[in-house]
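Below is one structure, written out as structure tokens; comments come after it.
Every number here is computed from the coordinates shown, using simple stated rules; none is lab data. Quick caveat: nothing in here was measured; it's all calculated off a predicted structure. Cβ placement follows ideal geometry from the backbone for every residue including glycine, while neighbour counts extend to all protein chains displayed.
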Amino acid sequence: MNPDIRTIVILTGAGISAESGLATFRGPDGLWEGHRVEDVCTPQALRRDPALVHRFYDERRARLAQVRPNAAHEALAALDRAWPGELLIVTQNVDDLHERAGATRLIHMHGELRSALCAACGAAVAWEAGLPPGSICPGCGQPALRPDIVFFGEMPYDMDRIEDALARADLFVSVGTSGAVYPAAGFVQTARHYGARTIELNLDPSAGSIWFDESRMGPASLLVPALVHELLA
Ligand code: APR
């Protein structure tokens with residue numbers, strides 16, 4: 001790998017957690033755990049049927065206790081510990097497998113299952129248990145807690161920090177994402193625009209494959225440790 005690489009941005013998606021046993025969003029049946037994404041992942045769905053949406057994320061949160069980080073999460077955490085330059089892992093995933101593997105330079109741009117968001121005061125609260133609609137915000141006392149998930153049509157978190165890192169990146173790596181959802185799907189073009197080398201690691205070519213200098217196809221549990229090995233060699 002080029003010795004001039006100092007700043008690395010890594011975007012991860014559902015594919016990095018697939019081998020831990022968590023379902024991806026756009027499987028062959030087009031459903032996410034039996035639901036259309038629009039029925040559980042939009043502000044309209046939350047208004048129409050809060051019980052369904054809250055229960056759906058309760059089930060996903062409970063599932064986290066049954067899964068573990070895999071070799072891909074472990075390898076990125078090892079890179080995070082060892083990389084002397086700037087590094088930012090931007091995950092679209094709402095699971096906690098990156099941090100459980102030990103990654104710290106991490107942004108959850110689409111929110112987190114283990115967090116609740118107050119629709120009244122905007123506070124985010126660490127949350128482990130079930131979250132029924134009408135749960136009280138410990139900050140403002142309003143019955144307004146909802147899953148801390150960025151729904152379609154809502155602004156992803158920390159976009160300023162992400163754009164800033166993309167503009168400085170020498171290397172941009174995308175792992176396990178279909179490239180179907182913006183703004184994350186456009187990060188490769190931003191990074192390229194500012195001169196980064198771009199590498200995609202995925203089971204199949206993603207929607208944005210043409211934007212990558214290099215596409216490596218295969219399971220994340222093999223491809224990510226191999227790339228980390230190259231970077232740290
Ligand atoms: N290793 C590498 N890639 C894999 C693996 C694996 N073991 N298994 C699946 N993949 C790839 C698939 O080929 C697919 O391209 O991971 C990708 C997963 O794509 P999606 O299911 O679309 O997930 P993602 O890209 O993370 O979705 C983006 O969509 O609904 C929203 O907010 C949600 O964050 C999510 C966003």
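Below is a table of values for the structure above.
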read-out	value
Order by protection proxy (mean Cβ within 10 Å, highest first), peptides 217-228, 32-43	217-228, 32-43
Antiparallel DSSP beta bridges within the chain, percent to nearest 5	25 percent
Segment 1-107 - Rg over Rh from alpha carbon coordinates, Kirkwood radius	1.06
In sequence order, calculated HN-Hα J values of segment 92-108 (Karplus, 6.51, -1.76, 1.60; Hz; x Gly/Pro)	8, 7, 9, 6, 10, 6, 5, 6, 5, 6, x, 6, 10, 8, 9, 10, 9
Helical mean residue ellipticity (222 nm; -39500 (n - 2.57) per DSSP H run of 4+; nearest 500) of the chain	-9000 deg cm²/dmol
Stokes-Einstein translational diffusion, segment 148-191 - Kirkwood Rh over all Cα pairs, 1.002 mPa s, 20 °C, in µm²/s	186 µm²/s
Column: log10 I(q)/I(0), Debye, Cα scatterers of segment 184-233, q = 0.14, 0.29 Å⁻¹	-0.37, -1.11
Three semi-axes of the equivalent ellipsoid, the chain, Cα gyration tensor, whole Å, largest first	31, 18, 17
DSSP-defined antiparallel bridges as percent of all bridges, segment 9-142, nearest 5	35 percent
Rg to Rh quotient for segment 153-219, alpha carbon positions, Kirkwood Rh	0.96
Translational diffusion of segment 110-201, µm² s⁻¹ [Kirkwood Rh, Cα pairs; Stokes-Einstein; 20 °C; 1.002 mPa s]	141 µm²/s
Estimated D of segment 1-46 in µm² per second, where Rh is the Kirkwood radius over Cα pairs and Stokes-Einstein applies at 25 °C, 0.890 mPa s	184 µm²/s
Furthest towards positive pole of dipole, Gly34, His229, Gln142, structure part the chain, Cβ charges	Gln142
Percentage relative contact order, the chain, counting C-alpha pairs under 8 Å, at least six apart	23 percent
In Å, descending, principal axis extents of the Cα set of segment 50-126	45, 30, 17
Cα Rg, Dmax, segment 101-140, angstrom units	11.9, 33
Equivalent ellipsoid dimensions for segment 56-180 as semi-axes, Å, which come from the Cα gyration tensor, largest first	28, 18, 13
Estimated dipole of the chain in Debye, rounded to 20 [Cβ of Lys and Arg +1, of Asp and Glu -1, Cα centre]	300 debye
Nonlocal amide H pairs with Ile10, under 5 Å, H built at 1.01 Å	Leu88, Ile89, Val90, Val173
Among Thr7, Asn93, Ser209 the positive-end extreme of the charge dipole of the chain (Cβ point charges)	Asn93
